[in-house]
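Following: one structure in structure tokens, then a few remarks.
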Amino acid sequence: AEYMGTCLSSLCSMTTNAAEDAIASSIVSAMTPAVKECEETLKAVVTSQSKLLMQLDVISDELEKFAVNLQHPSLTTYTEKLKSARRRLTALSSQVDVVNHRIDTIDARLTGRERAGQSRH
């Protein structure tokens, strides 16, 4: 509590810009590791989804070739299920791309503010 009071009184004695810079710098320091971790996790998800989509394409193509030659109704059902799974995965991949873009934007803003704060000192 005493430390917090000291911090608050030192912030109050700063000019408005200096106080804003100190707060922004603290927020950047606190948020940067979390943003970086999210970014790395999303990259892993995107890579994994890409590999899965490629495998689904291969399986779907092979199953369709097999189903055409065999003319078995149950294979057509599986082929349709694979196509449906691919459509859902493609939609999910698109959503992950949007989230990844948002995280990149936040990271760029945080990094920009961090650099701006450092160049003022």
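The values are calculated or read from the model by the stated rules, or taken from the named source; none is laboratory data. These figures come from a predicted structure and were not determined experimentally. In this analysis, Cβ positions are derived from the backbone assuming ideal geometry, glycine residues included, and neighbour counts consider all displayed protein chains. Side chains included, ligands, DNA and RNA excluded: accessible areas come from the protein's heavy atoms. Shrake-Rupley method; radii C 1.70, N 1.55, O 1.52, S 1.80 Å.
Select from segment 82-120 the residues that are over 23 Å from residue 36 (Cβ atoms), open to solvent by 90 Å² or more (accessible area, probe 1.4 Å) and modelled with pLDDT under 85 and list them in ascending order.
Matches in segment 82-120: 120 only.
Let me confirm something: among 30, 18, 24, 44, which residue is more than 24 Å from residue 97 (Cα to Cα), exposed (fewer than 11 other Cβ atoms within 10 Å of the Cβ) and modelled with pLDDT of 75 or more?
30
Out of everything in segment 58-74 that is modelled with pLDDT of 75 or more and open to solvent by less than 50 Å² (accessible area, probe 1.4 Å), what residue ends up being nearest to residue 84 (Cα to Cα)?
It comes out as 60.
Would segment 68-90 turn up any residue that is among the acidic types (Asp, Glu) and either closer than 30 Å to residue 105 by Cα or in contact with a Lys or Arg (Cβ under 9 Å, 6 or more places away or on another chain) (or both)?
no
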